[in-house]
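Notes to accompany the following structure.
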Amino acid sequence: MTLQKHPAEGRRSPELRICAMLLLLAGLFFASFALGRYGVPLPEVARILWSRAAAPLQALLDRMNFPLSLVPARTWTDNMEIAVVNVRLPRILLACMVGCALSAAGTAYQCVFQNPMAAPDILGASSGACFGAALAILLGRGGAGVTASAFLFSLSTVALVYGIGLRAAGRQAVSILLAGVMVSSLFSAGTSYLKLVADPSSELPEITYWLMGSLSGTKLRDVGFALPPMLAGLVPLLLLRWRMNLLALDEEAKSMGVSVGRLRLIVILCATVLTAASVSVSGMIGWVGLVVPHLCRKLVGNDCRCLLPAAMLLGAAFLLLADGCARNLIATEIPIGILTAFIGAPFFILLMTRKEELL
């Protein structure tokens with residue numbers, strides 16, 4: 001199914017809307033620090049973050065005996081600093097990164113396969129990650145082992161899918177999609193079996209909670225683990241976003257000298273790395289990579305030069321907002337994967353049924 005050009009495209013400047021998304025993300029980013037069971041006023045949040053950011057430069061100025069003070073006077077308590085820097089900062093950063101990566105991956109897959117239902121888990125990356133995480137938990141591996149296993153199995157699953165798709169007869173893109181469905185089903189069955197044999201008092205609850213998706217307990221090491229592969233996936237997609245428009249014009253692209261097969265492989269590889277890195281550190285978080293690209297397509301059009309940056313910004317803002325709700329709506333934190341499904345499914349229905357001129 002080919003993605004149709006939005007009739008109202010160009011009615012308003014896509015660049016202005018992207019700037020509005022950037023401002024929305026910045027506002028949500030700073031507001032998130034003030035949300036929580038231990039309240040920290042926003043002025044104190046700003047002072048704490050600025051003091052941490054300016055500390056290295058202040059140390060350099062002190063060594064040079066330069067009479068300038070960049071660090072503000074301490075007006076906050078130790079508990080405030082722990083809440084902001086050690087607890088909320090890693091979680092907020094990871095929420096932005098995962099939302100950005102999943103939305104970019106969903107946009108890339110939809111452009112590659114020209115299918116509006118394509119999502120980050122379409123080639124089995126999420127199913128492979130779930131199997132890898134469940135296997136690591138069953139083998140008694142720690143948090144880092146679970147993350148690494150999920151990441152490696154995710155990449156391996158998509159490599160298997162792509163290999164099967166290349167050997168299958170017929171159109172390559174369709175073959176890859178069908179292979180993704182089959183392999184994803186296989187790994188889902190494997191995960192179900194691991195849950196069946198897991199210890200119901202310890203291992204099974206841990207596997208089940210991981211599969212729900214959560215950013216609870218995020219540490220800076222999780223951010224450090226996810227950042228390099230996410231950059232490795234996002235940077236090439238941003239550089240190639242104008243070429244991604246050519247994937248809808250297969251024959252025309254070939255006549256222009258563009259290697260469609262190579263471009264498709266690069267985009268799939270980048271989207272897979274983004275999905276694997278996201279799922280390995282956050283568990284299963286659905287709907288972000290499906291809903292956000294569709295909303296951005298209605299707001300800025302189909303041109304990937306604007307669509308991809310818009311999806312990255314709005315995806316980060318969406319998951320940041322969902323995470324804020326997950327940890328503040330009720331006394332017990334809601335796994336964010338559940339909340340995104342509750343929000344995403346009705347919102348997607350609204351996008352499908354609402355008249356385009358209203359957006």
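The values are calculated or read from the model by the stated rules, or taken from the named source; none is laboratory data. A quick note: this is a predicted structure, and the numbers were derived from the prediction, not measured. Heads up, the Cβs are rebuilt from the backbone with ideal geometry, glycines too, and the neighbour counts pull from every protein chain shown. What goes into the accessible areas is simple: the full protein's heavy atoms, side chains included, and nothing from ligands, DNA or RNA. Shrake-Rupley method; radii C 1.70, N 1.55, O 1.52, S 1.80 Å.
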- Could you tell me what % of all Cα pairs in the chain have separations over 36 Å? 26 percent
- Task: With +1 on each Lys and Arg Cβ and -1 on each Asp and Glu Cβ, and nothing else charged, work out how big the dipole of the chain is about its Cα centre, in Debye to the nearest 20.
- Result: 520 debye
- Query: Highest mean first, what order results for 313-321, 206-214 on Cβ atoms within 10 Å?
  - Reply: 313-321, 206-214
- Once whole DSSP H runs in the chain are found, which of them have Cα atoms spread over 24 Å or more along the helix axis and a mean Kyte-Doolittle score of at least 1.6? 14-34, 260-282, 304-326, 336-353
- Message: Restricted to Cα positions, what overall size does the range 19-149 have along the principal axes? Three whole-Å values, descending.
- Response: 58, 44, 36
- Task: Using only the Cα atoms of the range 150-234, build the gyration tensor, take square roots of its eigenvalues as a ≥ b ≥ c, and label the shape rounded, prolate or oblate: rounded if a/c is under 1.5, else prolate if a/b is larger than b/c, else oblate.
- Result: oblate
- Query: When N is the residue count of the range 295-357, what does its C-alpha Rg come to as a fraction of 2.2 N^0.38 Å?
  - Reply: 1.31
- Among residues other than LEU239 whose Cβ falls under 15 Å from its Cβ, what is the net charge (Lys/Arg +1, Asp/Glu -1)? +4
- Per residue accessible area in Å² of the range 102-185, where ligands, DNA and RNA are left out and the probe is 1.4 Å: 37 Å²
- Would you mind counting up the charge near ALA133? Only other residues with Cβ under 12 Å from its Cβ, with Lys and Arg at +1 and Asp and Glu at -1. 0
- Protection proxy ranking of 185-191, 106-112, 133-139 - average other beta-carbon atoms within 10 Å, highest first: 106-112, 133-139, 185-191
- Query: Can you give the charge dipole size of the range 16-127 about its Cα centre, rounded to the nearest 20 debye, using +1 on the beta carbon of Lys and Arg and -1 on the beta carbon of Asp and Glu?
  - Reply: 120 debye
